[in-house]
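Notes for the one structure printed next.
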Amino acid sequence: MKVFVLGGDGFCGWPCSVNLAEHGHDVLIVDNLSRRKIDIDLEVESLTPIANIRERLEAWQEIGGNPIRFSQMDIASEYQRLLDLIIEEQPDAIVHFAEQRAAPYSMKSSATKRYTVDNNVNGTHNLLAAIVESGLDVHVVHLGTMGVYGYGSHRGATIPEGYLKVEVPQPDGSRFEEEILHPASPGSVYHMTKTLDQLLFLYYNKNDNVKITDLHQGIVWGTNTEATGKDPRLTNRFDYDGDYGTVLNRFLMQAAINYPLTVHGTGGQTRAFIHIRDSVKCVQLALENPPESGERVKIFNQMTESHQVGELAKKVAKLTGAEVNYLPNPRNEAVENDLIVDNRCFIELGLKPTTLDDGLLTEVVEVARRWSDRCDKKRIPCISAWTANQAKAIKQSK
Ligand code: NAD
Ligand code: USQ
């Protein structure tokens with residue numbers, strides 16, 4: 001298959017590109033390198049030292065990997081270049097990772113809110129419009145989020161893979177059954193853009209028959225896959241800062257440097273998780289199992305385990321001897337929630353999940369401890385607040 005990977009220089013996109021090349025696909029990465037520029041603005045670096053994109057691609061070829069090509073392009077603002085590339089290359093599939101993906105960054109200021117909406121919504125829409133204008137039959141695999149469902153109380157109900165069966169009452173008292181998109185309840189401006197993406201997919205699939213798979217992914221943890229571990233220049237990024245670091249990787253890094261684990265509130269928030277190795281495998285499975293022509297948008301829940309944040313902190317503390325610190329929550333989110341998720345689609349396609357018990361210690365020792373001297377402790381606290389009152393509470397707690 002010829003596959004474009006939009007956002008292929010990022011945390012999920014890089015190991016995914018390498019994995020697809022390793023499985024014989026012809027991969028072209030499209031990325032505007034905005035993630036690296038945001039690191040410069042935030043004055044922070046990946047905990048792991050990462051090579052620039054050219055070095056990454058050369059290293060991959062040097063060790064005998066199937067060549068990966070690269071085009072530096074902003075898919076949100078360079079519509080004509082994107083369209084020309086699609087027409088010229090005629091890809092079979094396009095994997096779309098190219099969005100601003102941090103919830104705290106999206107809540108930092110009105111400038112970052114607007115940037116996140118402009119970048120994510122325009123990027124997704126440009127991609128869909130370009131596919132239609134090209135007249136080609138291209139399968140889009142998009143990385144969405146479990147957060148589109150929201151983290152309120154689902155009253156013990158299982159979250160289905162995208163669609164919910166509802167009974168619609170009729171004027172004559174009868175009822176008919178219909179499947180609708182599960183109601184959206186985003187918890188940040190970033191998560192809101194993912195719910196808007198869902199409507200764009202629904203529309204372009206209905207109107208133009210665009211083949212789309214939307215992967216509602218949980219929080220990704222871990223760093224490398226087998227392939228990115230083959231050469232230091234292929235090393236994947238590891239974000240630990242208060243904006244881009246995700247909770248489990250942050251806890252692992254904090255434990256490695258004896259920094260008390262930063263639990264927000266009581267730690268009663270339950271979230272879905274997946275290891276980077278499984279994330280990469282899921283994208284491959286989704287590409288190899290495209291929807292039929294005329295089929296509605298396929299939605300998979302791309303997660304393997306659910307855990308309460310506080311329980312995760314205790315698990316990491318037990319493993320490493322770290323302390324746990326309960327902090328004022330900068331986010332406007334439920335203090336506690338349940339989360340039961342249907343993830344049968346990937347399990348039925350053959351995914352064999354990497355569990356926390358398999359991988360936690362390796363990650364602490366091989367990555368977090370190994371690179372701990374690169375950590376800038378000043379960048380650990382989460383200071384992006386959801387509301388003015390929360391910003392005040394954080395300032396007062398210092
Ligand atoms: P990332 O920020 O590391 O990577 C995103 C990449 O896209 C970056 O290399 C960036 O430069 C590029 N990009 C952004 N806007 C672009 C644009 N307009 N044009 C071209 N390139 C652009 O993020 P990630 O963690 O790899 O996440 C990738 C995708 O997966 C995101 O859409 C995110 O919402 C989704 N996701 C991530 C996680 C997670 O835990 N990391 C969990 C669920 C879903
Ligand atoms: N949290 C802490 N302490 C921390 C950091 C976070 O308690 O130091 C808590 C947060 O308050 C939140 C939970 O941990 O309740 C998850 O936060 P996170 O930053 O790990 O994850 P989130 O903001 O939800 O975003 C991440 C990715 C995003 C992806 C999403 C999947 O950055 O791209 O879409 O995970 S999901 O959460 O399933 O929506």
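The values are calculated or read from the model by the stated rules, or taken from the named source; none is laboratory data. Treat the numbers as computed from the prediction; the structure is a model and nothing was measured. Cβ coordinates were reconstructed from backbone atoms using ideal geometry, including for glycine residues, and neighbour counts include every protein chain displayed. Note: areas computed on protein heavy atoms with side chains; ligands, DNA, RNA excluded. Shrake-Rupley method; radii C 1.70, N 1.55, O 1.52, S 1.80 Å.
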Filtering the range 9-37 down to residues that are more than 14 Å from G65 (Cβ to Cβ) and either acidic (D, E) or assigned to a loop (DSSP other than H, G, I, E, B) (or both) yields D9, G10, F11, C12, D31, N32, L33
Cβ pairs under 8 Å, 6+ apart, first in the range 377-396 and in contact (Cβ under 8 Å) with a residue 12 or more places away in the chain and part of a helix (DSSP H, G or I), second surrounded by 12 or more Cβ atoms within 10 Å (Cβ to Cβ) and among the β-branched types (V, I, T)
K377/I257; R379/V44; I394/I383
Mind checking which residues of the range 265-277 are open to solvent by 10 Å² or more (accessible area, probe 1.4 Å) and either under 23 Å from G13 (Cα atoms) or aromatic (F, W, Y) (or both)?
R271, R277
Residue, nearest to the chain's Cα centre (by Cα), within the range 166-197, restricted to residues that are under 27 Å from L128 (Cβ atoms) and away from ligand 1 (no atom under 16 Å from the Cβ)
S185
List pairs: first in the range 271-290 and touching a residue at least 40 places away in the same chain (Cβ under 8 Å), second open to solvent by 10 Å² or more (accessible area, probe 1.4 Å) and part of a helix (DSSP H, G or I), Cβ under 8 Å, 6+ apart or cross-chain?
R271/V247; R271/V309; V280/N19; K281/N19; V283/N19; Q284/N19
Check whether at least one residue in the range 340-361 is surrounded by 13 or more Cβ atoms within 10 Å (Cβ to Cβ) and over 29 Å from I159 (Cα atoms), and report yes or no.
yes
Suppose the filter is touching an Asp or Glu at 6+ places or on another chain (Cβ under 6 Å) and under 15 Å from G359 (Cβ atoms); does F251 pass it?
no
May I ask you to list pairs of residues, at least six apart or on different chains, whose Cβ atoms are under 7 Å apart, with the first in the range 102-116 being in a helix (DSSP H, G or I) and among the hydrophobic types (A, V, I, L, M, F, W, C) and the second being near ligand 1 (Cβ under 10 Å from one of its atoms) and open to solvent by less than 60 Å² (accessible area, probe 1.4 Å)?
A103/Y190; A103/H191
Output yes when any residue across the range 334-346 is under 30 Å from K298 (Cβ atoms) and either without any contact (Cβ under 8 Å) to a residue 40 or more places away in the chain or among the β-branched types (V, I, T) (or both), and no when none is.
yes
Identify the single condition in (1) farther than 30 Å from I131 by Cβ; (2) in a loop (DSSP other than H, G, I, E, B); (3) open to solvent by 10 Å² or more (accessible area, probe 1.4 Å) that T262 does not satisfy, given that it satisfies every other one.
(2)
Pairs, please: C-beta under 8 Å, at least 6 apart or cross-chain, first residue touching a residue at least 24 places away in the same chain (Cβ under 8 Å) and within 16 Å of ligand 1 (Cβ to nearest atom) and in the range 258-270, second among the aliphatic types (A, V, I, L, M) and open to solvent by 10 Å² or more (accessible area, probe 1.4 Å)?
Q269/V309; Q269/A334; Q269/V335; T270/V309; T270/L339
Which residue pairs have Cβ atoms closer than 9 Å, lie 6 or more positions apart in sequence or on different chains, and pair a first residue in the range 317-329 that is within 9 Å of H264 (Cα to Cα) with a second residue that is within 11 Å of ligand 2 (Cβ to nearest atom) and open to solvent by 50 Å² or more (accessible area, probe 1.4 Å)?
N325/Y259; Y326/T266; L327/P381; N329/T266; N329/V335
Quick one: in the range 116-142, of everything that is under 18 Å from T195 (Cβ atoms) and open to solvent by 10 Å² or more (accessible area, probe 1.4 Å), which residue is nearest to ligand 1 (Cβ to nearest atom)?
N119
Out of the residues in the range 1-40 meeting the condition of being within 13 Å of ligand 1 (Cβ to nearest atom) and charged (D, E, K, R), tell me which one is farthest from Y79 (Cα to Cα).
D39
